[in-house]
Amino acid sequence: TIDLSNNKFMGQIPPGFLTNADVSESVYVDLSSNYIEGVVPGELARFDKLTLYLKDNKIKGIDQSLCTKDLWNDGDVGTFQCDAILCPSGTWATTTGRASKKGGQCMPCEYSDSFGLSACNKYGSLRGIGNSAGSEFERIGFFITGLVIVCVAGFYIYRRMNGAKYEGVLLDYDSYSFEEPE
């Protein structure tokens, strides 16, 4: 089991990914909600039984040799072929981003520009950080957080430099003591 979801990994899945893993064993890999691009590589076809989660990335395709791996994703690939790995561009599937016998099906989505989205709205999947809209929300969030920090720090510095008045009394922070009088 390898869970690398939500780690902001960027780039493509390398052809040699999981080279040292035993191909006869059941392997579970979660790369969901990253910034993974490109095509899911055909070299993964060496695995007989693989559970692969790739939802909410920027993936643009699946090597067709993977779509015949009947035992992959708990047998869903045997039923739904490529859709059981990732829903294609222009579609989405609630929660999983892929078709599944557990109820997931790929449904049309006019906002979907990459494979495997788990939400359909003009902002993309808000849970997945791997889409461009999610990245925009992160940038806005970081900007607002930074702005708040600057404002609070500025207010604190202003109060430190000018002193703080409380009921007409100037408080001197540097000489104030929290010890009880004897």
ask   = What are the pairs, 6+ residues apart or on separate chains, where a residue within segment 37-61 that is farther than 21 Å from residue 113 by Cα has its Cβ under 6 Å from a residue that is in a loop (DSSP other than H, G, I, E, B) and open to solvent by less than 20 Å² (accessible area, probe 1.4 Å)?
value = 50/72
query = Mind checking whether some residue in segment 65-73 is open to solvent by 80 Å² or more (accessible area, probe 1.4 Å), acidic (Asp, Glu), farther than 21 Å from residue 119 by Cα and in contact with a helix residue (DSSP H, G or I) (Cβ under 6 Å, 6 or more places away or on another chain)?
reply = yes
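Evaluate segment 14-28: report whether one residue or more is touching a residue at least 40 places away in the same chain (Cβ under 8 Å) and part of a loop (DSSP other than H, G, I, E, B). It would help to see each step written out before you state the result.
Of all residues in segment 14-28, those touching a residue at least 40 places away in the same chain (Cβ under 8 Å) come to none.
No, segment 14-28 contains no residue that is touching a residue at least 40 places away in the same chain (Cβ under 8 Å) and part of a loop (DSSP other than H, G, I, E, B).
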inquiry  = The conditions are (1) out of contact with any Asp or Glu (no Cβ under 6 Å at 6 or more places or on another chain); (2) under 25 Å from residue 8 (Cα atoms); (3) not hydrophobic (A, V, I, L, M, F, W, C), and residue 30 fails exactly one of them. Which is it?
reply    = (1)
inquiry  = Can you say whether residue 87 is touching a helix residue (DSSP H, G or I) at 6+ places or on another chain (Cβ under 7 Å) and either within 22 Å of residue 118 (Cβ to Cβ) or part of a helix (DSSP H, G or I) (or both), as far as the supplied structure shows?
reply    = no
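The values are calculated or read from the model by the stated rules, or taken from the named source; none is laboratory data. Predicted, not measured: the structure shown is a model, and the values here were computed from it. Every residue, glycine as well, gets a Cβ built from its backbone with ideal geometry; the counts of neighbours run over all protein chains shown. The protein model used for the area step is the full one, side chains on, heavy atoms only, and it has no ligands, DNA or RNA in it. Shrake-Rupley method; radii C 1.70, N 1.55, O 1.52, S 1.80 Å.
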